[in-house]
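Scroll down for the structure; my scribbles are underneath it.
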Amino acid sequence: MVFKGKWNGNVYRLERLLGAGSNGQVWLASRGGVPCALKLGLDAADLQGETNILAALERGGRNRTPYLLDADDARLGGQDIPFYAMRYVPGMPVRQFVRRRGPRAVAAAGSHLLDRLAELHEAGWVFGDLKCDNVLVAPGGQVTLVDYGGATRIGRSVRQFTEIYDRGYWRAGNRTAEPAYDWFSAAVLWVHALDGDRLMRLTRTLPPQNRHPRELLRLVHTHPYLRHMEIWMRMALEGRFSDTREATRRWREQAVRLDHAAPDGIPGWMAGMAAATLVLGAATAVLWFVR
Amino acid sequence: MNQILLITDGHSNVGESPVLAASRALAQDIIVNVIGVVDEGELGLAGAEEIESIARAGGGMSRIVSSPMLAQTVQMMTQQTVVGTIRMTVNKELRQLLGVDSVAELPPPKRAEVVRMMEDLSETTRLRVALLIDASASMRPKLNAVEEAVRDLAISLQSRQGESAVAVFHFPGEDPYEPCVLDLPWTDRVDGLGKLFRNIRMQGTTPTGPALLRVVEYFRETCGNIKEKTELSLPPHGWEDPDVMRSGDVG
């Protein structure tokens with residue numbers, strides 16, 4: 001399907017639907033043979049809110065390739081549909097990335113994610129609705145944030161969030177946009193990506209008054225990979241970094257340990273049990289010997 | 001901006017009609033939203049219809065949800081009502097000033113300005129939300145979820161830049177002359193929220209209408225003349241904000 005923008009006159013061809021959310025659809029499209037992503041909105045004011053954020057980021061970004069390419073209305077099926085065009089970035093959602101590339105690949109992806117967040121924070125914005133679905137990872141680990149519906153100027157109340165990623169839900173703070181809000185969600189994101197089943201079970205069974213970051217840390221502590229990131233996770237959940245650059249640096253320092261983590265297929269607790277058996281065996285042997 | 005959020009699981013059976021009460025609230029510029037909480041079984045057609053008509057008369061919206069969804073729904077409804085009210089006010093101004101029906105008809109650069117202004121207003125406008133909780137016997141197992149929803153709403157309100165406050169009532173009260181009881185007067189703090197509903201007596205009646213009227217009265221008592229207008233003015237022609245996207249900047 002081909003259409004021409006009402007105000008700016010650019011011609012787009014819609015190629016295929018990439019995804020649909022609560023407030024619109026994202027299409028792979030092309031303009032003059034160059035691929036781009038188009039977000040078609042359901043509501044003009046809603047979509048304009050997102051466009052405003054992207055435009056503000058565009059001005060804040062230093063020497064970045066532009067992300068927002070156009071904002072206009074499309075005449076489709078007899079009505080005006082507001083849309084904006086973005087640079088097309090191939091990649092897959094975090095959970096899929098982890099399934100394909102294995103848990104060790106989060107070392108690089110996590111650090112790239114924090115780079116993206118640092119850029120945003122330094123420009124005066126918080127991403128807000130950080131979650132697995134809103135983070136695309138390219139095969140090399142490069143990260144693109146998508147869906148800026150939650151992006152909020154620092155100091156305001158977060159515009160949009162997802163319960164299990166929200167520090168208010170976990171009784172760990174309010175919903176005022178500040179970098180620490182994103183750090184918290186980033187920590188939950190890695191728990192969700194690596195230990196999703198247990199996280200979901202926890203949120204289903206935990207009574208609201210018992211929600212607390214320590215419950216998340218309990219998952220981290222007993223997970224074969226996440227436990228190597230426990231210090232970072234604790235600092236992120238408690239908002240204890242001085243800024244997002246420090247969060248990135250600490251992530252890199254600790255993520256090195258993921259390389260030495262338990263091999264795929266042998267959960268940490270099993271490795272631990274094997275060790276315990278050995279120690280017990282040794283103790284028995286010693287006792288036997290001194291008898 | 002003033003809102004009443006009624007949370008119930010049945011329908012009224014005593015006193016004035018809640019639909020009339022809601023329209024009285026709206027006449028005082030208080031918007032009434034309604035949530036039906038249903039965990040097992042059904043609300044029944046009569047209950048569902050009543051919820052919808054109360055919200056319609058009160059200029060608000062209605063939803064029927066299960067208790068795990070309550071906190072999210074309360075927060076979403078409150079936010080959408082703020083945004084919706086501001087949009088309505090702005091669109092009215094646009095009609096008067098520019099002769100367009102909505103922001104969607106404006107060219108993108110102007111649209112960007114107006115939307116930014118609407119968002120500023122949504123964040124900074126003074127907001128008061130009074131929750132009115134049906135505490136009849138069938139609601140008893142859901143009161144934990146209700147408390148959680150109140151706490152969650154308080155967190156969101158506390159995070160706003162604008163002045164915000166929440167108050168909580170439950171109904172019915174102790175005797176026929178007291179349709180509802182004030183559990184928590186206006187507050188903007190989350191920390192003080194302990195157990196909200198400690199001394200609730202079983203009562204057979206559901207005086208939804210009288211309880212709504214009592215809350216409207218509370219607004220009048222505590223907020224004085226509440227018919228305040230949202231301060232609003234469109235930027236003068238040619239006004240440029242550095243944070244507003246001009247379509248010429250892109251593409």
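Miscellaneous remarks
- Residues located in segment B:90-107, provided they are without any contact (Cβ under 8 Å) to a residue 40 or more places away in the chain and among the β-branched types (Val, Ile, Thr): B:100, B:103
- Matching entry among B:145, B:211, B:137 (being away from chain A (no Cβ under 14 Å) and at pLDDT 90 or above): B:211
- Among the residues of segment B:40-62, those that are closer than 23 Å to residue B:147 by Cβ and surrounded by fewer than 18 Cβ atoms within 10 Å (Cβ to Cβ) comprise B:40, B:41.
- Taken over segment B:73-94, the criterion of being under 17 Å from residue B:166 (Cβ atoms) and surrounded by fewer than 16 Cβ atoms within 10 Å (Cβ to Cβ) is satisfied by B:76, B:80.
- Filtered residues of segment A:179-211 (kept if acidic (Asp, Glu) and farther than 19 Å from residue A:152 by Cα): A:195, A:197
- Any hit, segment B:83-91, residues being within 11 Å of chain A (Cβ to nearest Cβ) and farther than 29 Å from residue A:163 by Cα: yes
- Flag for residue B:65 being surrounded by fewer than 19 Cβ atoms within 10 Å (Cβ to Cβ) and either aromatic (Phe, Trp, Tyr) or farther than 25 Å from residue A:170 by Cα (or both): no
- Among the residues listed as A:88, A:12, the single one being more than 10 Å from chain B (Cβ to nearest Cβ) and at pLDDT 95 or above: A:12
- Residues of segment B:108-133 satisfying the condition of being over 30 Å from residue B:188 (Cα atoms) and without any contact (Cβ under 8 Å) to a residue 12 or more places away in the chain: B:110, B:111
- Enumeration of residues in segment B:152-170 that are touching a residue at least 60 places away in the same chain (Cβ under 8 Å) and under 15 Å from residue B:196 (Cβ atoms): B:152, B:153
- Verdict on residue A:77 being on the phi < 0 side of the Ramachandran plot and either more than 14 Å from chain B (Cβ to nearest Cβ) or touching a residue at least 24 places away in the same chain (Cβ under 8 Å) (or both): no
- The residue pairs whose first member lies in segment A:32-61 and is within 19 Å of residue A:89 (Cβ to Cβ), whose second member is among the acidic types (Asp, Glu), and whose beta carbons are closer than 6 Å, counting only pairs six or more residues apart or on different chains, do not exist in this structure.
- Candidate set: segment B:127-145, residues that are buried (at least 20 other Cβ atoms within 10 Å of the Cβ) and among the basic types (Lys, Arg); chosen: the one farthest from residue B:164 (Cα to Cα): B:142
- Condition check for residue B:190 on (1) touching a Lys or Arg at 6+ places or on another chain (Cβ under 8 Å); (2) farther than 18 Å from residue B:3 by Cα; (3) at pLDDT 80 or above: one failure, at (3).
- All of (1) in a strand (DSSP E or B); (2) of a type in the set (A, V, I, L, M); (3) within 10 Å of another protein chain (Cβ to nearest Cβ) hold for residue B:131 with one exception: (3).
- Single residue of segment A:187-211 satisfying the filter (within 28 Å of residue B:195 (Cβ to Cβ) and among the aliphatic types (A, V, I, L, M)) that is nearest to the other protein chains (Cβ to nearest Cβ): A:206
- Number of positions in segment A:1-27 that are surrounded by fewer than 17 Cβ atoms within 10 Å (Cβ to Cβ) and either aromatic (Phe, Trp, Tyr) or farther than 24 Å from residue B:115 by Cβ (or both): 9
- Considering A:181, A:169, the condition of being in the same structural domain as residue A:202 (by TED's automatic domain parsing), under 17 Å from residue B:155 (Cα atoms), in a loop (DSSP other than H, G, I, E, B) and aromatic (Phe, Trp, Tyr) is satisfied by A:169 alone.
- Residue under evaluation residue B:123, criteria (1) touching a strand residue (DSSP E or B) at 6+ places or on another chain (Cβ under 7 Å); (2) buried (at least 24 other Cβ atoms within 10 Å of the Cβ); (3) within 13 Å of another protein chain (Cβ to nearest Cβ), criterion not met: (2)
- Qualifying residue in segment B:95-107 (condition: crowded, with 20+ Cβ neighbours inside 10 Å, outside any helix (DSSP H, G or I) and more than 8 Å from chain A (Cβ to nearest Cβ)): no
- Enumeration of residues in segment A:129-160 that are more than 13 Å from chain B (Cβ to nearest Cβ), buried (at least 19 other Cβ atoms within 10 Å of the Cβ), touching a Lys or Arg at 6+ places or on another chain (Cβ under 9 Å) and not in a loop (DSSP other than H, G, I, E, B): A:132, A:135, A:137, A:143, A:144, A:145
- Test: residue in segment A:136-144 that is farther than 24 Å from residue B:191 by Cβ and polar (S, T, N, Q): yes
The values are calculated or read from the model by the stated rules, or taken from the named source; none is laboratory data. From a predicted model like this one, the values you see are computed outputs, not experimental measurements. Please note: Cβ atoms are built from the backbone with ideal geometry, for glycine as well, and neighbour counts cover all protein chains shown.
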